[in-house]
Amino acid sequence: MSGDEDRLEEVASSLFEKKDELNRQAERWKRERDQLNESVKDLQGKALGEKEERDKINEKVAEIKKRVEGLRVDLAEKRGSAEGLDEELEEGRRRLRSRRRLEEELREIEWELSTTPTLEIKDREEELTERARELRLELEEHTKLDAKDDRYLHSLADFKAVEVWIREGLDEMRALHEVSQEHHERMLTLYRKADEERKRSDEAHKRFVECLNEIKEVNGELDTVMAELRKQRKELKDTDRRMAMRRSTYLQEKRKELAAEARRKLEAGEKLTLEEMKLVYGEY
């Protein structure tokens, strides 16, 4: 083996080792990239699940908000109705004397009408009867105000009930908003982690591609070295074949000379060795 061939084989061996190492690195980066891609996919799936839960809760919040807005309109109407009745009651009671005084005066008139002899009360009977009628009308106004007072109390109760419903709706909205915010924050955390994993995956893919490019370069160098090595070996083989042919020609000529010398000795009656006998009789 020539020195050039030795050198080329050393270079080739070094390149094959480098290629093997690059293949191991490429496989490692590929495996890491694929694992990270799976992690990204899993994280995105979980983030989507959190988003869907958040959106469901937000839809429910929107429904409650719509209901509360309707209740607020209803509340405004009931407030207006209650305030209107309250004003009517206040105005009506300002115009009327107290029920107690009216009832006392009416009892006195009725007592006087029922206990005074007809002849004594004849001149005042019409006046007392008219006054009693007026008192009864005023008492009827009190009765009407009492009915309005009942309506006011019912209206006030309805108003308070609507306030309670609104407060319950707002409390439910706040509670749901907190849960929605938790889902939202978990979604953001998962998406951030997925982005981080994607960046790591991109870096791993970059390293994988770099290894492939280096392997391509090494393959190019190997192609050149192996082509030169094959050329060297072919040339060496051709040289060996020529040398072998020359040796074979030399040996054939030498054998002919020895065979001729052996035949001469045989013809001269000289004693031949075993090797010379074989030459004479063509066993070589």
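Computed quantities for the displayed model
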{"item": "Filter result (among the β-branched types (Val, Ile, Thr) and more than 30 Å from Val40 (Cα to Cα)) within region 196-233", "result": "Val218, Thr224, Val225"}
{"item": "Region 159-170 residues that are in contact (Cβ under 8 Å) with a residue 60 or more places away in the chain and of a type in the set (D, E, K, R), paired with ones that are surrounded by 13 or more Cβ atoms within 10 Å (Cβ to Cβ) and in a helix (DSSP H, G or I) (beta carbon under 9 Å, 6 or more apart)", "result": "Glu163/Leu71; Glu163/Leu75"}
{"item": "Residues satisfying the stated conditions in region 14-69, i.e. loosely packed, with under 13 Cβ neighbours inside 10 Å and more than 29 Å from the chain's Cα centre (by Cα)", "result": "Glu17, Asp20, Arg24, Lys66, Glu69"}
{"item": "Unique residue being of a type in the set (D, E, K, R) and closer than 22 Å to Val179 by Cβ when the list is Glu21, Glu32, Glu38, Glu63", "result": "Glu63"}
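Each row is one residue, and each column tells you yes or no for (1) modelled with pLDDT of 80 or more; (2) surrounded by 12 or more Cβ atoms within 10 Å (Cβ to Cβ).
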residue: Arg198; (1), (2): yes, yes
residue: Lys234; (1), (2): no, no
residue: Thr239; (1), (2): no, no
residue: Ala244; (1), (2): no, no
residue: Glu261; (1), (2): no, yes
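The values are calculated or read from the model by the stated rules, or taken from the named source; none is laboratory data. Predicted model only: the values in this text are computed from it and were never measured. Using ideal geometry, Cβ is built from the backbone for each residue, glycine included, and neighbour counts are taken over all protein chains shown.
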